[in-house]
Amino acid sequence: MSKIHHRGVFAARDIKKRERIIEYTGRRLTFAESERSNSEYLFQLNRNTFIDGKNTARYINHSCVPNCFIEIERGHIWIDALRKIKKGEELVYNYSFDMEEAKDYPCACGTNVCPGYIVDETYWPKLRKQMKKKQKK
């Protein structure tokens, strides 16, 4: 069981750095269809297309200290190993939400670098600055 979010995906064997692990698959939705969807597992493929996750990949959690990364190639979303992953270790990647998306998604990864929300690392300084301002008020 995941410490991050009840469900999770764990390595069934040792995985090599940069090894392709799994494709994020499911029904393709247009932007308009994604707006009407109540799915928890939407992954944006490009500006106009989303994947409504239907396979095991949808249960891979976010972490601010990921061991996986996303590779988008020719209309496919792949989860690849960022580093060597040991059997039994939870697979995690940074969901890379922007600041607008992140405000609705507190992070539960529990790492010492976590800024408190699921947001791309490039936004961490800005987010921390905003949080300090709120604390001073």
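The values are calculated or read from the model by the stated rules, or taken from the named source; none is laboratory data. Note that the structure is predicted; figures quoted are calculated from it, not measured. In this analysis, Cβ positions are derived from the backbone assuming ideal geometry, glycine residues included, and neighbour counts consider all displayed protein chains.
Meeting the requirement of 2 or more residues that are within 20 Å of Glu90 (Cα to Cα) and in contact (Cβ under 8 Å) with a residue 40 or more places away in the chain, the strands (runs of 3 or more DSSP E) wholly within the stretch 1-47 are 20-24. Restricted to the stretch 97-119, and to residues there that are free of Cβ contacts under 8 Å to residues at least 40 places away in the same chain and touching a helix residue (DSSP H, G or I) at 6+ places or on another chain (Cβ under 8 Å), the residue that is nearest to Pro66 (Cα to Cα) is Val119. Scanning the stretch 1-45 for residues that are surrounded by fewer than 12 Cβ atoms within 10 Å (Cβ to Cβ), modelled with pLDDT of 95 or more and of a type in the set (S, T, N, Q) returns a single hit, Thr30. From the list Gly88, Gly110, the one residue that fits, being in a loop (DSSP other than H, G, I, E, B) and modelled with pLDDT of 95 or more, is Gly88. With respect to being at pLDDT 95 or above and either in a helix (DSSP H, G or I) or in contact with a Lys or Arg (Cβ under 6 Å, 6 or more places away or on another chain) (or both), Arg83 fits the description. Against the definition (outside the structural domain of Trp124 (by TED's automatic domain parsing), among the charged types (D, E, K, R) and within 27 Å of Lys126 (Cβ to Cβ)), how does Glu71 come out, yes or no? Yes, satisfied. Can you find, within the stretch 96-105, the residue that is surrounded by the most Cβ atoms within 10 Å (Cβ to Cβ) among those that are touching a Phe, Trp or Tyr at 6+ places or on another chain (Cβ under 8 Å) and part of a loop (DSSP other than H, G, I, E, B)? This residue is Phe97.
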